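Heads up, the thing below is written out as C-alpha cells.
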Amino acid sequence: QVQLVESGGGLVQPGGSLRLSCAASGNIFTIYYMSWYRQAPGKQRELVAGITSGGMTNYADSVKGRFTISRDNAKNTVYLQMNSLKPEDTAVYYCNINVKERILEASRNYWGQGTQVTVSS
C-alpha cells in the first residue's frame, strides 16, 4: 500500500500564492506520473497539472503561466506552486500518483485526501 499526505491549502486573497505538497510513502518501487486535480462544488474533478518521471509537464489552459508543478524524486513528493490566484481557482485539490509497488506488478493510481484552496477577499 501507498499513502499520500497533502498539505499547503488554505485561504488566500486574489492575486496571492500558495504551494501545495503531496508526499508519498509506503511500498514504492518507482513513481511514474504525478499530477494534481481539483474539484469545485457542483463541478467534475479536472486535471490541473501533471509531471512525468522525466520532468515533462502539462497544464490545464486555465492555469498555464500561473501554476508550476514540480517533483522531488528523492522525497517521493510532488508540489504545485500556485501564483496569481483567482476566485475561480477555489476548489479541493487532490494529488494523484501512478506508482509501481513491486517490480513485476503493474502500476496503480493512488489519490491524496484532498486539501481545500479558497481564494477570496
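The values are calculated or read from the model by the stated rules, or taken from the named source; none is laboratory data. Everything numeric here is computed off the predicted structure, so don't read it as measured data. Virtual Cβ from ideal backbone geometry, glycine too; neighbours counted across all protein chains shown. We work out accessible area using only protein heavy atoms, side chains counted, and drop any ligands, DNA or RNA first. Shrake-Rupley method; radii C 1.70, N 1.55, O 1.52, S 1.80 Å.
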- Message: So THR57 ticks every box in (1) of a type in the set (Val, Ile, Thr); (2) within 11 Å of the chain's Cα centre (by Cα); (3) more than 17 Å from THR115 (Cβ to Cβ) but one. Which box is left unticked?
- Response: (2)
- Message: Where the second residue is open to solvent by less than 30 Å² (accessible area, probe 1.4 Å) and outside any strand (DSSP E or B) and the first is under 20 Å from ASN73 (Cα atoms) and polar (S, T, N, Q) and lies in the stretch 83-106, which pairs have Cβ atoms under 9 Å and are six or more apart or on separate chains?
- Response: ASN96/GLY112
- Task: Report the residue count in the stretch 58-77 for those that are polar (S, T, N, Q) and loosely packed, with under 15 Cβ neighbours inside 10 Å.
- Result: 3
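Regarding GLY55, is this residue assigned to a loop (DSSP other than H, G, I, E, B), within 26 Å of GLU101 (Cα to Cα) and open to solvent by less than 50 Å² (accessible area, probe 1.4 Å)?
On the way: assigned to a loop (DSSP other than H, G, I, E, B): yes; within 26 Å of GLU101 (Cα to Cα): yes; open to solvent by less than 50 Å² (accessible area, probe 1.4 Å): yes.
Yes.
Looking at the stretch 38-48 only, could you name the residues that are in a loop (DSSP other than H, G, I, E, B) and either open to solvent by 30 Å² or more (accessible area, probe 1.4 Å) or without any contact (Cβ under 8 Å) to a residue 24 or more places away in the chain (or both)? Walk me through how you get there before you give the answer.
Narrowing the stretch 38-48 to residues in a loop (DSSP other than H, G, I, E, B): 40-45.
Across the stretch 38-48, the qualifying residues are PRO41, GLY42, LYS43, GLN44, ARG45.
With respect to VAL5, determine if the residue is touching a residue at least 24 places away in the same chain (Cβ under 8 Å) and within 17 Å of VAL119 (Cα to Cα). Give the derivation first.
Values: touching a residue at least 24 places away in the same chain (Cβ under 8 Å): yes; within 17 Å of VAL119 (Cα to Cα): no.
Considered against the rule, which asks whether it is touching a residue at least 24 places away in the same chain (Cβ under 8 Å) and within 17 Å of VAL119 (Cα to Cα), VAL5 comes out as no.
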- Based on what the data block shows, is SER35 assigned to a strand (DSSP E or B), farther than 19 Å from SER120 by Cβ and open to solvent by less than 30 Å² (accessible area, probe 1.4 Å)? yes
